[in-house]
Amino acid sequence: TKNKVFSPLFHPLPARSLWRWSQHSTAMLPLSCAPPLPPPQSRPNPSPSHKPKPHPCVLLFPAALRTAAAAATISFSLLAGNAAAVAAVEQPSEICRGQDDGREVEVKAEAVTNEQLVEEAWEVVNEGFLPDAGSRPWSPELWMQRKQDILQGSIKSRSRAHDIITKMLASLGDPYTRFLSSSDFSKMSKYDMTGIGLNLREIPDDNGSLRLVVLGLILDGPAHSAGVRQGDELLSVNGIDIRGKSAFDVSSMLQGPKETFVTIKVKHDSCGPVESMKVQRQMAARTPIFYRLEKRDNENSSVGYIHIKEFNAVAKKDLVSALKRLQNSGASYFVLDLRDNLGGLVQAGIEIAKLFLNKGDTVIYTTGRDRQVQNTIVADSGPLVTTPVMVLVNNRTASASEIVASALHDNCKAVLVGERTFGKGLIQSVFELHDGSGIVVTVGKYVTPNHKDINGDGIEPDYRRLPDLNEARDYLSRCQSKKLS
């Protein structure tokens, strides 16, 4: 049985049910997403002359795997948070006919041979790998020859198959395309962005609007213990109707201090009863937002200083609160500190960038071999803040932070101050293979609104030191004039 799910970049993909996170499909996104930097000992110090190899992430799925109860993909960037929960997807016993509620009958994957497992991994790379991500030449012809060489003889054991996949991926010369053991892959599915142990998916109804349906549950977690089941539709959170809201925003609404309660209303199955229930939160995302109002020397105006340590599930909500409080306290402009922010949830970065942009402004472009990775993400509403913004960056400003910095800069909403950013702009997907192991594959990259490739080069700041307010205003004014000309 096949079921369509959606990648962080809005495209339907076949996959079997698993904990997954994305921008407009499942709640746990991003989407896209941003895996950790390589270990310090393996990563050279960034410098203007060095071009480090980066990576955030997105979901993709090769068509060739659709014939084998398709391997599931999960958004890699979301795994920066709490990994203590145990993910389990309860399979439904029946489905209300005529409704696509996001549930699917479990299909047990047939046992695969060692040769088939290697070929499965080969196929993922063949259909989605971004050639310029690696340090070695890549083409479909060279990759086909690689498969023929590998599969000349029989593969006697599963561990040998895993070794072959590891070496096959290493031959690409991309440090971020790699093999995951079943235990490592399992760890990636142990993440809860809501704090109550459920994972939401957006499903369009007949009218074109979106319903939020429970795709996955932590077995015996708070939501499951309260009576929520896979396939239930979420209707409200604390009395607030969630119709029209994204899965990402609703996940943030569900978050709160540990051991506090949230009241949710769900509709069981597609045509079942509606029930309200109180659910106790068991985990809470820590706020990454720290802010203060201060005055600079030789300036009469006040500045709202905001430091974002990382992009997580509550970053947008807490930033909105900080911006409003600072504005009400008299802030004339803002300094957004993204130094040493290595990223986190890419979708959180995208949503935060939108707070400063005009409706229709481009946040970021994504490119790749597959059309499913080629997208333009734009702001869908007006800005929360219209005063000048100065964004502090350094050589550890990476991934989602670079998306925010470039979006504000290229749309003439902010000046960049500090050092060249890290340059982490590759998009990756994580794929589950049929024996429970997995592979991480680079499938695309981010391109700024001004069509600059972030990957490797990073973003050059406008100033090395913080300019005064008038100088920043003049710069942004010239930027706007150039943009309109």
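The values are calculated or read from the model by the stated rules, or taken from the named source; none is laboratory data. Everything numeric here is computed off the predicted structure, so don't read it as measured data. With ideal geometry, Cβ positions are generated from the backbone for all residues, glycine too; neighbour counts draw on all protein chains shown. For accessibility, only protein heavy atoms count, side chains too; no ligands or nucleic acids. Shrake-Rupley method; radii C 1.70, N 1.55, O 1.52, S 1.80 Å.
Table for the structure above
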{"quantity": "Distance (nanometres) between label positions extended 7 Å along Cα→Cβ at Asp184 and Lys359", "calculated": "4.6"}
{"quantity": "Packing rank of 114-124, 174-184, 252-262, where each peptide gets the mean count of other beta carbons within 10 Å, highest leading", "calculated": "114-124, 174-184, 252-262"}
{"quantity": "Added length on full extension, which subtracts the Cα-Cα distance from 0.36 nm per residue, Asn126 to Glu259", "calculated": "43.2 nm"}
{"quantity": "Stretchable slack from Lys156 to Arg292, in nm (0.36 nm times residue separation minus alpha-carbon distance)", "calculated": "42.7 nm"}
{"quantity": "All-pairs alpha carbon distance profile, the stretch 344-455, 5 Å steps from 0, percent", "calculated": "2, 12, 21, 23, 17, 11, 6, 4, 2, 1, 0"}
{"quantity": "Full-stretch length increase - Arg369, Gln327 - with 0.36 nm per residue and alpha-carbon distance subtracted", "calculated": "10.7 nm"}
{"quantity": "Sequence-separation-based contact order of the stretch 114-186, relative, with Cα cut under 8 Å and 6+ spacing, percent", "calculated": "40"}
{"quantity": "Kirkwood hydrodynamic radius over Cα pairs of the stretch 289-484, then Stokes diffusion coefficient at 4 °C and 1.567 mPa s, in µm²/s", "calculated": "75"}
{"quantity": "Protection proxy ranking of 130-140, 372-382 - average other beta-carbon atoms within 10 Å, highest first", "calculated": "372-382, 130-140"}
{"quantity": "Relative contact order %, the stretch 194-281, counting alpha carbon pairs below 8 Å whose residues are six or more apart", "calculated": "29"}
{"quantity": "Packing-based order for 146-156, 296-306, using average beta carbon neighbours within 10 Å, highest first", "calculated": "296-306, 146-156"}
{"quantity": "The stretch 230-246 residues near the modelled Ser276 label - backbone nitrogen below 20 Å, point 7 Å along Cα→Cβ", "calculated": "232-244"}
{"quantity": "Theoretical FRET efficiency, 1/(1+(r/R0)^6), r = Cβ-Cβ of Glu141 and Glu460, R0 45 Å, to 0.05", "calculated": "0.75"}
{"quantity": "Equivalent ellipsoid semi-axes, the stretch 114-186, via Cα gyration tensor eigenvalues times 5, rooted, Å", "calculated": "19, 16, 10"}
{"quantity": "Fraction of antiparallel bridges per DSSP, the stretch 217-375 only, in percent to nearest 5", "calculated": "75"}
{"quantity": "For the stretch 114-186: accessible area per residue (Å², 1.4 Å)", "calculated": "48"}
{"quantity": "Value of relative contact order over the stretch 289-484, rounded to a whole percent, pairs C-alpha under 8 Å and six or more apart", "calculated": "19"}
